[in-house]
Structures are given as C-alpha cells and as structure tokens.
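Visitor: I am attaching a structure below and will ask some questions about it afterwards.
The values are calculated or read from the model by the stated rules, or taken from the named source; none is laboratory data. Being a predicted model, the structure only gives us computed values, none of them experimental. Cβ: placed from backbone, ideal geometry, glycine included. Neighbour counts: every protein chain shown. We work out accessible area using only protein heavy atoms, side chains counted, and drop any ligands, DNA or RNA first. Shrake-Rupley method; radii C 1.70, N 1.55, O 1.52, S 1.80 Å.
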Amino acid sequence: MASAQTNTDLISKAPATASGSTLVSLVSLPQEAFEATLSNLALAFPNEVVLVATPDTAPQLSADSPLRLIPYTPTAVSSTPWIQTAADYLNAFKLAQDNQATSCVLLGAESQSLQPEAIRALARSALTTDLTVAHYDTGPREGLVNSAILYPVTRALFGTRPRFPLPIDIGLSLRMANRLAAVAQRYTATSSDDAFIWPLSEAATANFTVTEVIIGHRTLPQPVAPDLNSLLAQILSSLFADIDAKASFWQRARGTQAPQPIPPTSPVAETPDTASMLDAFRLAYTNLHEIWSLVLPPNSLLGLKKLSVMHPENFRMPDNLWARIVYDFILAYRLRTINRGHLLGALTPLYLAWVASHLTLISTGIAPEKHIQDLASAFETDKPYLVSRWRWPDRFNP
C-alpha cells in the first residue's frame, strides 16, 4: 500500500453483497504489474467476491469479475516501499472496517510474481488464523539479514517459528488487523508512517494464533538504496526497540511453537567469493576493537581475535558466538552504551563475517536451511544469557 495514509473519503466500488469478504490490499504497482496482479487475483478467487484496495487508477472490470476495486488516494509517498510499514497496517484495517471485510491480505511490492494458489492460501488461512505469514523459497544469498538475525532472534525470544518476521505478504484476521493498526497509529500520529511493525511479536504477546503458508518462489522487493549500513541500522533499530518494549513478555520462560514442515533446501556446491567481507571484518577488528570492547565480554572478543587470523577457506563463526554477539548488541542498544548509530554501524562488519562464514560452510555441502535452523537453536539455547545480562547488565557472564 506504499506506506501512505488514506484520505478520509474512500471511493468504494464494492456492492453491499461484498460485506463479509476478504480485503486484499495492494501497494502501488507499475501498470503492467498491476494488471498481472489483478489477473492472478481473479484466478485465485473465481467464485467469490473479493475486495481489492489499490492506490492506483482502477480499471473498468467486467461485470462477471469476482473483484470489487476500492481505490484510495495516498497522501504520502513511502521511502520504504519494499516492506509493509505502519501506514500500510493502519490503512488496511480502516479499509476492512469501512467495507465490513472479515479478514485482510496485504500483498507487497512485486506481487505480480505471486501465484494465484499462493494468494488463495494466504486468504484462506486468514479466515481461521489471526496471523498468517508467508514462507518463501529463497536462494542461498537471499534474505541473509533475516536468516542471521531477524528469524533466530524472533524465534528464540517470542517462541514463533515463521521464517520471515518482517513480512512482505501477510494475512490478518480482523482482530489482528485492529491490533496492528493500534500500534501503527502511534507512529503515524508522529508522521512516522514508514516505521516497521513486528506482527509476530504482537501476535505472541496477545496470544493470537499464528501460522505459516508456503508461498514458493517470489520476486523479493529490493530497497531503493541498498546501502548495507543504512539498511541494517533501519531494520535492527526497529527490532531492538520492539524487543526492549516487550521485555517483560519474552523474559518469561516459553517454549517454541511446533515447527511447520518446510521443504529442505539443496546444498550449494560453489566456492564463495568472501574476500571483501573478510577484508572488511579484519579492518574493523583493528579499527573498531575499542568500540567492540565496550559491548562484548572477553570471551566474545577472544573468539573474534581467533577469527581475525583464520584462513578464508576455514573461516567459521561458531553459532553460539554469533548468538551472543547479537544478544550483547541488543543489550547495548537498550543501555545506550554508545551512540546507537555508531553501535549499529559497528555490527555491520560482524554481520559480514557471519555471512562469509555461512557461505563458506554451505559451500562444503551443508544445506543452507540446515545451518539456519542450527543457528536458531543456538539462539534458543543462549536465551538465558540475554535474560541474565538484561537483568544484571553490569556483570559479564563467563
């Protein structure tokens, strides 16, 4: 929905008989992509009325089309159109409420690449589950911020299993849409329309039902300016702030949801080019060691020292070391140990070291998904470390 608030007057082409239907909310799309998405929606719902909210100019549809278009006028242009943000959730709930829809499906940028059966699966799940998150088939070099940090942290702290905690496509019950809209309103009231919201943590704290739907291959939207430092800072500052706000919830002992059966990924038999990543890490080890020593305990610093002299073909960052590094940066963000911008910038070369380690490991024949699941288990195992340091931040654990 291009992360824009709507005007109060909405132009609805949905007849009264559409009451109780699913609302499908689209972002602004190029004309060809918009038409392809509408075609896929018609194929996904051949025998039922579906409301389609769009900020684009609505074409004239045939009388027998199952789609009922709801155009609206955006009042702002998003700077993060590649992901669902606060204004998107607020808009979706208002549109669903105004048109008496019983559930919502939000489809992100590049939605024309979604297959009709994938869209239908999201919509069907939204009728019976509060939060439905899409699971995508990704390549070994795609979505690594998600695999390295977002997924394992969310799974360990909030006990949720879906692999993509920052959704591109998502299904919502009306009460889940209402909850996300309430959170979103706090951001949009201060003109922070592009703020990220974390649906999985919201569902967990509300004890709402969560499920994951396998979508398959999809073209993943890309940030307009894919600068890694800025991107990591933007995403992780939002995640770390959400973790801080919900500390009283995730510190209580909780089990993880039963895993969904996800098709395994194939091993990757190629030699990765990690030279630039390792160069950045080694340079940072020299230049940022003083900053890292303010954030990380001695054992972690010793682990980084060993990594700094390791040969590229043998470069491995232990899963528990990475888990503790991320947990210590979460704690430092909360305590404002150093300027938060500098803090998140100091995490970037450590993330690159993890990526280099991950790509080197999977080049040996280890399936990428196996390593990600092993990593998530390490985060779960070390959750008591974060809880302990959160409660007694002045005491480094051995």
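Visitor: For region 102-112, take each phi angle, set θ = phi - 60°, evaluate the Karplus expression 6.51 cos²θ - 1.76 cosθ + 1.60, and give the result in whole Hz per residue in order, putting x for glycine and proline.
Guide: Computed from phi, the couplings for region 102-112 are 9, 7, 10, 10, 9, 10, x, 4, 6, 5, 5 Hz.
Visitor: Continuing with this model, one more query. Kindly work out what percent of the DSSP beta bridges joining two residues of the chain are antiparallel, to the nearest 5.
Guide: Around 30 percent antiparallel, to the nearest 5.
Visitor: Once both labels are modelled 7 Å past Cα along the beta-carbon direction, what's the Ser237-Arg336 spacing in nm?
Guide: So the label points at Ser237 and Arg336 sit 1.4 nm apart.
Visitor: Subtracting the Cα-Cα distance from 0.36 nm times the residue separation, let me have the gained length for Leu61 to Thr286 in nm, one decimal.
Guide: 74.8 nm
Visitor: On a 0 to 90° scale, report how tilted helix 275-287 is relative to the longest principal axis of the chain, with both axes built from alpha carbons and the result rounded to the nearest 10.
Guide: 60 degrees
Visitor: Which of Ser276, Pro221, Thr337 sits closest to the plus end of the dipole of the chain, meaning its Cα is farthest towards the positive end, when Lys and Arg get +1 and Asp and Glu get -1 on the C-beta?
Guide: Of the options given, the answer is Thr337.
Visitor: If the viscosity is 1.306 mPa s and the temperature 10 °C, what translational diffusion coefficient in µm²/s does Stokes-Einstein give for the chain when Rh comes from Kirkwood over Cα pairs?
Guide: Translational diffusion coefficient: 72 µm²/s.
Visitor: Considering the chain as a Gaussian network with a 10 Å cut-off on Cα pairs, which listed residue, Ala378, Ala280, Ala96, attains the greatest mean-square fluctuation?
Guide: Sorting by GNM fluctuation, first place goes to Ala280.
Visitor: Can I ask one more? What FRET efficiency comes out for the pair Phe249/Gln185, r = Cβ-Cβ distance, R0 = 25 Å, nearest 0.05?
Guide: It comes to 0.75.
Visitor: If you don't mind, another one. Which value, in Å², gives the accessible area per residue of region 300-357 when a 1.4 Å probe is used on the protein heavy atoms?
Guide: Value for region 300-357: 38 Å² per residue.
Visitor: Compare the Cα positions of Ala356, Ser308, Trp390 along the charge dipole of region 283-390 (+1 at Cβ of Lys, Arg; -1 at Cβ of Asp, Glu; about the Cα centre) and return the one farthest towards the positive end.
Guide: Trp390
Visitor: Give me the accessible area per residue for region 188-258, probe 1.4 Å, as a whole number in Å².
Guide: That works out to 45 Å² per residue.
Visitor: Continuing with the same structure: Please identify the trypsin sites (Lys or Arg not before Pro) of region 320-387 that satisfy two criteria: DSSP loop assignment and at most 14 other Cβ atoms within 10 Å. Which are they?
Guide: Sparse-neighbourhood loop trypsin sites (Lys or Arg not before Pro): Arg336.
Visitor: Continuing with this model, one more query. Per DSSP H run of n ≥ 4, the term is -39500 (n - 2.57); total these for the chain, divide by its residue number, and report the mean residue ellipticity at 222 nm rounded to 500 deg cm²/dmol.
Guide: -14500 deg cm²/dmol
Visitor: Further question on the same structure: How large is the charge dipole for the chain, taken about the Cα centre, if only the Cβ atoms of Lys, Arg (+1) and Asp, Glu (-1) carry charge, to the nearest 20 debye?
Guide: 1400 debye
Visitor: With a 1.4 Å probe and all protein chains left in place, how much of the accessible area of the chain comes from carbon and sulfur atoms, in whole percent?
Guide: On the chain, the fraction of accessible area on carbon and sulfur atoms equals 53 percent.
Visitor: Which value, in Å², gives the accessible area per residue of region 40-79 when a 1.4 Å probe is used on the protein heavy atoms?
Guide: Counting only protein heavy atoms, the per-residue value for region 40-79 is 47 Å².
Visitor: A further question follows. For a quick check: with amide H placed at 1.01 Å from N, whose amide H comes under 5 Å from Asp169's, ignoring anything fewer than 5 positions away on the same chain?
Guide: Hits under the 5 Å cutoff: Gly108, Ala134.
Visitor: Another question about this same structure. What do you get for the angle between helix 86-98 and the principal long axis of the chain? Use alpha-carbon atoms, 0 to 90 degrees, nearest ten.
Guide: 30 degrees
Visitor: With the contact rule set at Cα under 8 Å and sequence spacing of 6 or more, what percent relative contact order holds for region 16-154?
Guide: 31 percent
Visitor: Also, quick follow-up: Rounded, prolate or oblate for region 299-398? Axes are the square roots of the Cα gyration tensor eigenvalues, ordered a ≥ b ≥ c, and the cut-off for rounded is a/c under 1.5.
Guide: It comes out prolate by the Cα gyration axes.
Visitor: Please give, to one decimal in nm, the separation of the simple spin-label points placed at Leu43 and Asn320, each 7 Å out from Cα toward the Cβ.
Guide: So the label points at Leu43 and Asn320 sit 5.0 nm apart.
Visitor: Measuring from label point to label point, each 7 Å out along Cα→Cβ, what is the Thr219 to Glu35 span in nm?
Guide: Label-label distance for Thr219 and Glu35, simple model: 1.5 nm.
Visitor: How high is the relative contact order of region 273-343? Use alpha-carbon pairs under 8 Å, at least six apart in sequence, and give a whole percent.
Guide: Answer for region 273-343 is 32 percent.
Visitor: Tell me, which longest segment in the chain has none of the GluC sites (Glu not before Pro) that fall in DSSP loops with at most 14 further Cβ atoms within 10 Å?
Guide: Longest run free of exposed loop sites: 271-398.
Visitor: Using only Cα atoms, find the angle between the long axis of helix 340-362 and the longest principal axis of the chain, and express it within 0 to 90 degrees, rounded to the nearest 10.
Guide: Taking the Cα atoms of the chain, the angle to 340-362 is about 90 degrees.
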